[in-house]
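Working notes, structure below.
The values are calculated or read from the model by the stated rules, or taken from the named source; none is laboratory data. Because the structure is predicted, anything quoted here is derived from the model rather than measured. As a convention, Cβ positions derive from the backbone with ideal geometry for all residues, glycine included, and neighbour counts pool all protein chains shown. Areas reflect the complete protein model, heavy atoms only, side chains present, ligands, DNA and RNA absent. Shrake-Rupley method; radii C 1.70, N 1.55, O 1.52, S 1.80 Å.
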Number of protein chains: 2
Amino acid sequence: MYINAIAHYVPSEDVANEYFERNGLTDEWIFQRTGIRNRKKASQEENTNTMAYQAIDQALEILPYPINEVDLIIGATYSPFDTVGTLSHYIQQKYQIDDAVALTVSSACSSFVNAVEIVEGYFATNKATKALIIASEHNTAYSNDLDPISGHLWGDGASVLFLSKERIGEDDAKILEVYTRGHGNIGKGPKGVCLRPRNGGIVMPHGKDVFINAIHYMTKATFTVLERHNLSPQDIKYLIPHQANARIINNVLRNLDLPPEKGVMNIENLGNTGCASTPIALSQIYDQLESNDYSVITVFGGGYSSGAVLIRKC
Amino acid sequence: MYINAIAHYVPSEDVANEYFERNGLTDEWIFQRTGIRNRKKASQEENTNTMAYQAIDQALEILPYPINEVDLIIGATYSPFDTVGTLSHYIQQKYQIDDAVALTVSSACSSFVNAVEIVEGYFATNKATKALIIASEHNTAYSNDLDPISGHLWGDGASVLFLSKERIGEDDAKILEVYTRGHGNIGKGPKGVCLRPRNGGIVMPHGKDVFINAIHYMTKATFTVLERHNLSPQDIKYLIPHQANARIINNVLRNLDLPPEKGVMNIENLGNTGCASTPIALSQIYDQLESNDYSVITVFGGGYSSGAVLIRKC
């Protein structure tokens with residue numbers, strides 16, 4: 001499958017580390033432990049859906065076909081505005097996309113990669129030929145910024161990818177491989193990071209367990225997609241890791257024997273934007289990709305969950 | 001793909017129509033308009049996940065292989081306990097299912113049928129060979145029983161299906177066809193039924209719009225899966241419709257020219273159990289299916305969304 005267009009949106013409001021001095025945390029303490037200096041916060045008028053519209057409106061400027069040719073709409077989010085009228089259905093309404101499959105998926109911060117794998121399945125059965133994946137997280141709607149353990153980690157944002165079964169444009173990128181795994185059975189599993197809508201918001205009671213497993217499984221997922229194509233980490237131009245913590249990313253780069261400049265990071269300015277973090281990062285560097293450049297997206301998230309996507313620019 | 005095992009669970013606590021006299025509603029008024037006399041309510045100790053365990057424990061008594069052979073776990077719910085450590089990940093932890101894909105999907109009351117279609121895709125790409133779909137709804141955690149418009153509609157429950165790519169048992173049923181569509185672009189779309197975790201719970205501000213579209217699209221989805229196999233409604237033993245309202249079901253049966261006894265109903269005793277309603281109903285009549293009997297599941301849900309599954313007992 002091929003990426004035909006990609007775009008992202010982050011809200012305009014900045015929340016700098018200084019805001020969290022109320023929790024007894026300093027700018028340097030937060031930055032050293034997480035790599036975060038700033039995060040973006042949706043306004044009162046914004047939510048998971050409106051951020052998605054902003055990203056899609058950006059993509060429409062470069063999309064090489066009318067949006068109503070899309071026949072598969074997948075929302076990816078763990079911070080939904082509505083779980084019945086889901087993100088995908090709001091997109092279908094907003095852009096009047098008739099005759100499409102629509103669903104919304106969560107596997108925490110891995111949701112975007114799971115969405116890519118679902119698209120792969122629909123393309124394999126010929127039940128869809130053009131897909132829209134919209135990853136959008138409204139973390140600040142569910143996080144408690146007075147939580148000294150994880151309140152300072154989260155940011156808001158959205159990113160959209162338009163995918164086709166067959167190549168459409170000269171500038172398309174080919175998705176060569178996608179891999180996902182659930183890891184509910186390892187470590188603290190689904191209790192490592194929680195978002196219980198009826199029992200508090202986002203909390204991360206087991207940060208160390210997340211940290212250790214994220215490094216292991218993001219490394220493993222990267223090797224998995226590369227080895228299936230007889231590639232090594234040195235063949236890739238960019239590693240696009242989930243943006244949960246700069247120290248996790250640096251450890252993964254070290255495990256892959258990759259220099260820091262090959263790792264794409266937006267966490268310093270955006271915080272952890274959940275499952276939107278890797279498609280936002282891909283969108284940010286997309287114009288730097290040249291023909292035959294390989295990139296790998298690698299993720300680890302609550303659940304636990306992991307996955308990777310191998311991409312080659314056409 | 002084949003159904004290898006199916007089971008369901010509903011909580012023990014009954015909430016009869018008399019409970020809703022506090023909203024100015026009588027037993028007869030509710031029954032005439034909805035077909036509901038009673039619904040089941042999860043206890044304080046229960047939630048979306050624990051009901052799922054109960055259903056799975058039932059299925060394990062008949063499952064012809066160890067549960068850890070499952071390589072794809074799909075949760076289906078719009079009433080999640082946790083959106084980060086999702087239903088599928090809790091199942092993976094509880095039953096120690098290693099090396100499996102895990103994700104949770106929502107397309108409202110159509111989520112179960114969308115999950116079946118996702119399994120179809122994973123089987124097509126050979127990325128999975130044995131799948132577990134767990135549909136579980138904890139409606140009473142999100143509904144307001146003092147809401148006179150829709151508070152009396154909802155019940156709790158869960159159902160599990162184990163599916164394999166190849167036939168495993170003599171008693172398997174074959175899924176011949178699955179079809180889904182989003183309908184965010186018609187009528188009130190995602191505003192017809194809402195569950196906004198950060199802004200109230202389940203509400204149904206546009207019941208009439210839901211009613212009309214449910215009849216139309218449940219009929220259409222049924223014809224779609226039948227026509228793809230050159231079958232007519234008269235060829236099926238059971239129609240298993242989403243249990244939102246007995247009058248919707250009766251209208252669909254009439255549109256299909258089917259007698260009432262061909263429509264499976266559990267709404268009188270269980271209320272609307274969301275996306276779990278059709279797999280619960282299938283589980284309830286599963287032992288009555290004989291070799292070569294056809295059944296059709298047909299659903300309509302918030303979003304809007306619709307879908308159907310054509311099943312033939314082996």
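Over the Cα atoms of chain A, what Rg and Dmax result, in angstrom?
18.1, 55
Let's test the formula: R0 of 35 Å, r as the Cβ-Cβ distance of residue A:129 and residue A:149. What FRET efficiency results, to the nearest 0.05?
0.20
Dividing the Cα convex hull volume of segment B:1-83 by residue count, how many Å³ per residue is that?
Once divided by residue count, the hull of segment B:1-83 is 163 Å³.
Figure the gain on full extension for residue A:166 and residue A:292 (residue separation times 0.36 nm, minus the Cα-Cα span) and round it to one decimal in nm.
Fully extending the segment from residue A:166 to residue A:292 adds 43.6 nm.
With every protein chain in place, what's the accessible area of residue B:222 (1.4 Å probe, Å², nearest 10)?
0 Å²
Given the -39500 (n - 2.57) contribution per DSSP H run of 4+ residues, what per-residue ellipticity at 222 nm results for chain A, rounded to the nearest 500 deg cm²/dmol?
Theoretical 222 nm ellipticity from helices: -8500 deg cm²/dmol.
First obtain the Kirkwood hydrodynamic radius of segment B:87-213 from its Cα pairs, then insert it into the Stokes-Einstein equation at 20 °C and 1.002 mPa s, and state the resulting D in µm² per second as a whole number.
This corresponds to a translational diffusion coefficient of 126 µm²/s.
In segment B:246-286, whose amide N lies under 14 Å from the spot 7 Å out along Cα-to-Cβ of residue B:14? List them in ranges.
Residues B:268-271 qualify, since their backbone N sits under 14 Å from the label point.
Can you give the accessible area of residue B:196, probe radius 1.4 Å, in Å² rounded to 10?
Probe radius 1.4 Å; accessible area of residue B:196 about 50 Å².
Please list B:99, A:27, B:57 from largest to smallest accessible area, probe radius 1.4 Å, with all protein chains kept in place.
Output order, biggest surface exposure first: B:99, B:57, A:27.
I'd like the interface area for chains A and B: accessible area of each alone minus the complex, both sides summed, 1.4 Å probe, protein heavy atoms only. What is it in Å² to the nearest 100?
It comes to approximately 4800 Å² buried between A and B.
What's the FRET efficiency of residue B:208 with residue A:254 using the Cβ-Cβ distance as r and R₀ = 45 Å, to the nearest 0.05?
About 0.15, to the nearest 0.05.
Anything losing 40 Å² or more of accessible area from the isolated chain to the full protein assembly: pick those residues out of segment A:64-90, probe 1.4 Å, ligands and DNA/RNA ignored.
Residues meeting the cut-off: A:81, A:82, A:83, A:84, A:89, A:90.
Pop the C-beta distance of residue B:232 and residue A:69 into the FRET formula with R0 = 30 Å and round what comes out to the nearest 0.05.
Calculated transfer efficiency: 0.35.
Roughly how far apart, in whole Å, are the Cα centres of segment B:261-277 and segment B:178-238?
15 Å
In a Gaussian network model over chain B where Cα atoms closer than 10 Å are linked, find which of B:191, B:130, B:41 has the largest mean-square fluctuation.
B:191
Of the cross-linked pairs A:94/A:130; B:174/B:262; A:94/A:165; A:127/A:165, which ones have a Cα-Cα span greater than 22 Å in the structure shown?
A:94/A:165, as the Cα separations exceed 22 Å there.
Pop out the carbon and sulfur fraction of the accessible area of the protein assembly as shown as a percent, whole number, probe 1.4 Å.
Of all accessible area on the protein assembly as shown, carbon and sulfur atoms account for 45 percent.
How many nm separate the modelled label positions at residue A:22 and residue A:99, each set 7 Å beyond the Cα in the direction of the Cβ?
Computed distance between label sites residue A:22 and residue A:99 equals 5.2 nm.
Give me the Å³ per residue figure for the convex hull around the C-alpha atoms of the protein assembly as shown.
Given the Cα convex hull of the protein assembly as shown, per-residue volume reads 135 Å³.
Which far-off residues, 5 or more places away or on another chain, put their amide H under 5 Å from the one on residue A:293, with H placed in the peptide plane?
For residue A:293, whose amide H was placed from the backbone, the distant partners under 5 Å are A:313.
Looking at chain A, identify the longest residue range that excludes and avoids all GluC sites (Glu not before Pro) in DSSP loops having at most 10 other Cβ atoms within 10 Å.
Formally, the longest exposed-site-free interval is A:171-289.
Per residue, what accessible area does segment A:1-129 have, given a 1.4 Å probe and all protein chains present, in Å²?
Normalised by residue count, the accessible surface of segment A:1-129 is 34 Å².
Please average, across the residues of A:175-181, the number of beta carbons from any other chain that are within 10 Å of each residue's own beta carbon, and give a whole number.
2
Under 18 Å from a point placed 7 Å out from the Cα of residue A:44 along the Cα-to-Cβ direction: which residues of segment B:172-216 have their backbone N that close?
B:198-200
Using a label point 7 Å beyond Cα on the Cα-Cβ vector, give me the inter-copy distances for residue B:285 in nanometres, one decimal, shortest first.
When each copy's label point is compared with this one, the spacings are 5.5 nm.
Once you put a point 7 Å from the Cα of residue B:247 and another 7 Å from the Cα of residue B:269, both along the Cβ direction, what distance in nm separates them?
Taking the two extended label points, one gets 2.5 nm.
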